[in-house]
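J.: Sharing a structure below in C-alpha coordinates format, with a few things to ask.
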Amino acid sequence: MGVPDNNNGPSAIVLIDGVCHLCQGLTQFIIKRDPQGIFHFASIQSEIGQALMRTGGLDGGILETMVFIEDGKYYTRSTAALRIARRLRFPWSLSYALIVVPPVLRNVVYRWIANHRYRWFGRSNECMIPTPDIRRRFLS
(Lines give C-alpha, C1' and ligand atoms only; values in the text may rest on other atoms or scores of the structure.)
Protein backbone atom coordinates (compact mmCIF):
# COMPACT_ATOMS: atom_id res chain seq x y z
CA MET A 1 0.00 0.00 0.00
CA GLY A 2 1.36 3.43 -0.88
CA VAL A 3 0.82 6.56 1.12
CA PRO A 4 -2.90 6.50 1.93
CA ASP A 5 -5.08 9.46 1.14
CA ASN A 6 -8.66 10.36 1.98
CA ASN A 7 -10.05 8.55 -1.05
CA ASN A 8 -8.42 5.13 -0.92
CA GLY A 9 -6.76 4.53 2.41
CA PRO A 10 -7.58 4.13 6.08
CA SER A 11 -9.10 7.18 7.75
CA ALA A 12 -7.35 6.60 11.12
CA ILE A 13 -3.59 6.00 11.11
CA VAL A 14 -1.34 5.97 14.16
CA LEU A 15 2.39 6.51 13.62
CA ILE A 16 4.57 5.41 16.52
CA ASP A 17 8.22 5.05 17.43
CA GLY A 18 8.59 1.44 16.35
CA VAL A 19 11.39 0.57 18.78
CA CYS A 20 9.73 2.04 21.89
CA HIS A 21 8.16 -0.56 24.19
CA LEU A 22 5.63 2.00 25.49
CA CYS A 23 4.58 2.78 21.92
CA GLN A 24 4.31 -0.91 21.06
CA GLY A 25 2.18 -1.41 24.17
CA LEU A 26 0.01 1.53 23.15
CA THR A 27 -0.52 -0.09 19.76
CA GLN A 28 -1.65 -3.32 21.41
CA PHE A 29 -3.87 -1.33 23.81
CA ILE A 30 -5.59 0.40 20.88
CA ILE A 31 -6.05 -2.83 18.92
CA LYS A 32 -7.74 -4.55 21.89
CA ARG A 33 -10.18 -1.66 22.28
CA ASP A 34 -10.89 -1.21 18.58
CA PRO A 35 -12.92 -4.28 17.59
CA GLN A 36 -14.09 -2.66 14.34
CA GLY A 37 -10.52 -2.24 13.12
CA ILE A 38 -10.76 1.51 12.58
CA PHE A 39 -7.11 2.16 13.42
CA HIS A 40 -4.15 1.27 11.23
CA PHE A 41 -0.53 1.57 12.29
CA ALA A 42 2.94 2.24 10.99
CA SER A 43 6.30 2.86 12.55
CA ILE A 44 7.64 6.38 12.07
CA GLN A 45 10.94 4.74 11.10
CA SER A 46 9.37 2.71 8.26
CA GLU A 47 9.32 3.88 4.65
CA ILE A 48 5.58 4.50 4.76
CA GLY A 49 5.90 6.22 8.12
CA GLN A 50 8.55 8.56 6.73
CA ALA A 51 6.43 9.24 3.64
CA LEU A 52 3.41 10.05 5.79
CA MET A 53 5.50 12.33 7.99
CA ARG A 54 6.71 14.23 4.90
CA THR A 55 3.16 14.43 3.55
CA GLY A 56 2.08 16.03 6.83
CA GLY A 57 5.03 18.44 6.82
CA LEU A 58 6.59 16.76 9.89
CA ASP A 59 10.23 15.94 10.54
CA GLY A 60 10.63 12.17 10.24
CA GLY A 61 13.58 12.26 12.62
CA ILE A 62 11.45 13.38 15.55
CA LEU A 63 10.44 10.33 17.56
CA GLU A 64 9.21 11.88 20.81
CA THR A 65 5.67 12.20 19.53
CA MET A 66 3.05 9.88 18.21
CA VAL A 67 1.21 11.09 15.17
CA PHE A 68 -2.45 10.48 14.51
CA ILE A 69 -3.75 11.02 11.01
CA GLU A 70 -7.51 11.30 11.01
CA ASP A 71 -9.31 11.88 7.74
CA GLY A 72 -6.15 13.42 6.29
CA LYS A 73 -5.48 15.79 9.22
CA TYR A 74 -2.36 15.37 11.33
CA TYR A 75 -2.35 15.53 15.14
CA THR A 76 0.61 15.13 17.48
CA ARG A 77 1.38 14.72 21.19
CA SER A 78 -1.55 14.91 23.63
CA THR A 79 -4.01 15.98 20.95
CA ALA A 80 -3.21 12.80 19.01
CA ALA A 81 -3.63 10.68 22.14
CA LEU A 82 -6.98 12.26 23.00
CA ARG A 83 -8.32 11.99 19.46
CA ILE A 84 -7.38 8.31 19.45
CA ALA A 85 -9.07 7.78 22.81
CA ARG A 86 -12.22 9.45 21.50
CA ARG A 87 -12.62 6.63 18.96
CA LEU A 88 -12.02 3.77 21.41
CA ARG A 89 -14.67 1.79 23.24
CA PHE A 90 -16.24 3.18 26.40
CA PRO A 91 -14.93 4.16 28.98
CA TRP A 92 -11.73 5.25 27.17
CA SER A 93 -13.67 7.58 24.90
CA LEU A 94 -14.58 9.68 27.97
CA SER A 95 -10.97 10.82 28.30
CA TYR A 96 -11.52 13.01 25.23
CA ALA A 97 -13.11 15.50 27.65
CA LEU A 98 -9.53 16.49 28.55
CA ILE A 99 -9.32 18.23 25.16
CA VAL A 100 -10.64 21.34 26.96
CA VAL A 101 -7.33 21.58 28.86
CA PRO A 102 -5.04 23.90 26.88
CA PRO A 103 -2.52 21.94 24.78
CA VAL A 104 0.39 23.78 26.36
CA LEU A 105 -0.55 22.24 29.72
CA ARG A 106 -1.43 18.78 28.35
CA ASN A 107 1.82 18.61 26.43
CA VAL A 108 3.93 19.28 29.53
CA VAL A 109 2.79 15.88 30.84
CA TYR A 110 3.08 14.29 27.39
CA ARG A 111 6.66 15.51 26.92
CA TRP A 112 7.66 14.39 30.41
CA ILE A 113 6.47 10.85 29.67
CA ALA A 114 8.02 10.92 26.18
CA ASN A 115 11.38 12.03 27.58
CA HIS A 116 11.45 9.13 30.06
CA ARG A 117 9.79 6.34 28.05
CA TYR A 118 12.96 4.49 27.06
CA ARG A 119 14.25 4.50 30.64
CA TRP A 120 10.93 3.37 32.10
CA PHE A 121 9.74 0.94 29.42
CA GLY A 122 12.83 0.15 27.37
CA ARG A 123 13.34 -0.17 23.66
CA SER A 124 14.23 -2.82 21.18
CA ASN A 125 16.45 -2.81 18.12
CA GLU A 126 13.55 -3.60 15.87
CA CYS A 127 9.83 -3.02 15.58
CA MET A 128 7.40 -5.50 17.07
CA ILE A 129 6.20 -8.24 14.76
CA PRO A 130 2.43 -8.37 14.83
CA THR A 131 0.58 -11.64 15.06
CA PRO A 132 -0.99 -12.80 11.79
CA ASP A 133 -4.50 -11.82 12.93
CA ILE A 134 -3.54 -8.15 13.43
CA ARG A 135 -0.91 -7.84 10.67
CA ARG A 136 -3.55 -6.52 8.26
CA ARG A 137 -3.83 -3.38 10.43
CA PHE A 138 -0.18 -2.42 9.80
CA LEU A 139 0.67 -0.35 6.76
CA SER A 140 3.56 -1.58 4.66
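J.: Taking Ile38 as the residue in question, decide whether it is surrounded by fewer than 17 Cβ atoms within 10 Å (Cβ to Cβ), modelled with pLDDT under 85 and not polar (S, T, N, Q). Write out each step before concluding.
T.: Details: surrounded by fewer than 17 Cβ atoms within 10 Å (Cβ to Cβ): yes; modelled with pLDDT under 85: no; not polar (S, T, N, Q): yes.
Answer is no for this residue.
J.: Hey, another quick one. Given (1) modelled with pLDDT of 90 or more; (2) under 11 Å from the mean Cα position of the chain (by Cα); (3) of a type in the set (A, V, I, L, M), where does Ile44 come up short, assuming only one miss?
T.: Result: Ile44 fails condition (1) only.
J.: Another question about this same structure. Say we look at segment 67-94 and pick out the residues that are charged (D, E, K, R) and either in contact with a Lys or Arg (Cβ under 7 Å, 6 or more places away or on another chain) or at pLDDT below 90 (or both); which of these is farthest from Val14 (Cα to Cα)?
T.: Of segment 67-94, the ones charged (D, E, K, R) are 70-71, 73, 77, 83, 86-87, 89.
This time we only want the ones that are either in contact with a Lys or Arg (Cβ under 7 Å, 6 or more places away or on another chain) or at pLDDT below 90 (or both), so: 70, 89.
On the way: Glu70: 9, Arg89: 17 Å.
Once the filter is applied, the top-ranked residue is Arg89.
J.: Looking at (1) open to solvent by 20 Å² or more (accessible area, probe 1.4 Å); (2) in contact with a strand residue (DSSP E or B) (Cβ under 6 Å, 6 or more places away or on another chain), can you tell me which one Lys73 breaks?
T.: For Lys73, the failing item is (2).
J.: From the list Leu52, Leu15, which residue is closer than 20 Å to Arg136 by Cβ, of a type in the set (A, V, I, L, M), touching a Gly at 6+ places or on another chain (Cβ under 8 Å) and open to solvent by less than 50 Å² (accessible area, probe 1.4 Å)?
T.: Numbers: Leu52 fails: touching a Gly at 6+ places or on another chain (Cβ under 8 Å).
Of the residues listed, the single one that is closer than 20 Å to Arg136 by Cβ, of a type in the set (A, V, I, L, M), touching a Gly at 6+ places or on another chain (Cβ under 8 Å) and open to solvent by less than 50 Å² (accessible area, probe 1.4 Å) is Leu15.
J.: Just to verify a result, which residue in segment 90-105, among those that are closer than 19 Å to Pro35 by Cα and out of contact with any Leu (no Cβ under 7 Å at 6 or more places or on another chain), is least open to solvent (accessible area, probe 1.4 Å)?
T.: Ser93
J.: Anything in segment 76-86 that is surrounded by fewer than 19 Cβ atoms within 10 Å (Cβ to Cβ), among the charged types (D, E, K, R) and within 22 Å of Gly49 (Cα to Cα)? List them, or say none.
T.: Arg83
The values are calculated or read from the model by the stated rules, or taken from the named source; none is laboratory data. Predicted model, so just to flag it, every value in this text is computed and none were measured. Note that we place each Cβ from the backbone using ideal geometry, even for glycine, and neighbour counts take in every protein chain shown. Each accessible area value is taken on the protein alone, full model and side chains, heavy atoms only, with ligands, DNA and RNA left out. Shrake-Rupley method; radii C 1.70, N 1.55, O 1.52, S 1.80 Å.
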